[in-house]
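See below for the structure under consideration.
The values are calculated or read from the model by the stated rules, or taken from the named source; none is laboratory data. The structure presented is a predicted model; accordingly, all values stated were derived computationally and were not measured. As a convention, Cβ positions derive from the backbone with ideal geometry for all residues, glycine included, and neighbour counts pool all protein chains shown. Accessible surface areas use protein heavy atoms only, side chains included; no ligands, DNA or RNA. Shrake-Rupley method; radii C 1.70, N 1.55, O 1.52, S 1.80 Å.
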Amino acid sequence: MPVDAKYHATAIATGGRDGRSRTKDGSLDVKLTIPKELGGPGGEGNNPEQLFAAGYSACFLGAMKAVAPKLKLTVPSDATVEATIGIGPRSEGGFGITADLAIHLPGVPKEDAQKLVEAAHQVCPYSNATRNNVNVGLKIV
């Protein structure tokens with residue numbers, strides 16, 4: 001499906017999972033470290049799964065805010081989305097990821113929260129990018 005991209009972000013990685021990654025404009029520059037669970041040293045630094053979790057959680061919260069007015073709902077100012085990204089070997093070979101989102105909407109009735117989450121999941125770019133490729137769990141907490 002074609003996309004009329006209005007914004008582009010560019011990042012440059014060096015050294016792979018134990019190197020650095022930075023945005024071309026210099027606004028983000030992170031040291032990358034392989035987690036112990038994947039055979040690396042762990043320690044200071046981040047990994048691609050953490051960066052994906054940060055992006056997905058922020059994007060999903062933004063998607064809820066975007067769809068809320070159409071549903072005549074309000075996203076509380078203290079709403080949170082916690083994204084947990086997993087990585088591991090796939091039965092078909094190679095590696096794959098999992099994604100679980102825990103959505104906290106204080107004061108929003110369960111039925112309204114469910115409508116909001118379902119609508120956001122249809123418009124969120126991360127949800128659309130992972131649909132039919134990554135198992136994404138949605139849980140209202």
Item to complete: Rank these residues by their accessible area, most exposed first, probe 1.4 Å: Tyr56, Tyr7.
Response: Tyr7, Tyr56
Response to the item:
Farthest towards the positive end of the dipole of the chain, among Ile85, Leu38, Thr130 and with Cβ unit charges of +1 on Lys and Arg and -1 on Asp and Glu, lies the Cα of Thr130
Item to complete: Considering only Thr130, Thr23, Thr98, give the residue with the highest GNM mean-square fluctuation for the chain, with springs between Cα atoms whenever their separation is below 10 Å.
Response: Thr23
Worksheet item: Taking the Cα centre of region 47-140 as the origin and placing charges on Cβ (Lys, Arg +1; Asp, Glu -1), which of Pro48, Ile103, His121 is farthest toward the positive end of the dipole?
Response: His121
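Packing-wise, with mean Cβ within 10 Å as the measure, how do 39-52, 110-123 rank, highest first?
Working: 39-52: 14.3, 110-123: 16.6.
Taking the mean over residues of other Cβ atoms within 10 Å, the ranking is 110-123, 39-52.
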Worksheet item: Of all accessible surface on the chain at a 1.4 Å probe, what whole percent is carbon and sulfur?
Response: 54
Worksheet, complete the sentence: Given unit charges at Cβ for Lys, Arg (+) and Asp, Glu (-), the dipole magnitude of region 1-46 about its Cα centre in debye, nearest 20, is 60
Worksheet, complete the sentence: Over 27 Å (Cα to Cα) among Lys24/Lys115; Lys6/Lys139; Lys72/Lys139 -> Lys24/Lys115; Lys6/Lys139
Worksheet entry | Accessible area in the full protein assembly, largest first, 1.4 Å probe, for Ser57, Ser27, Ser91 | Ser91, Ser27, Ser57
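So how strong a dipole does the chain carry about its Cα centre when Lys and Arg Cβ are +1 and Asp and Glu Cβ are -1, to the nearest 20 debye? Provide the component values of the computation, followed by the final result.
Working: 15 positive and 14 negative charges, 52 e Å.
For this selection, approximately 260 debye.
At 0.36 nm per residue, minus the direct Cα-Cα distance, what do Lys70 and Val3 gain on full extension? Give it in nm, one decimal, please.
21.9 nm
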Response to the item:
Zone reached by a paramagnetic label modelled 7 Å from Ile87 Cα along Cα→Cβ, restricted to region 1-38 with backbone N below 15 Å, covers 13-22, 30-38
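At 1.4 Å probe size, with every protein chain present, just tell me what the per residue accessible area of the chain comes to in Å².
Numbers: 9230 Å² over 141 residues.
Spelled out: the 1.4 Å probe surface of the chain, per residue, equals 65 Å².
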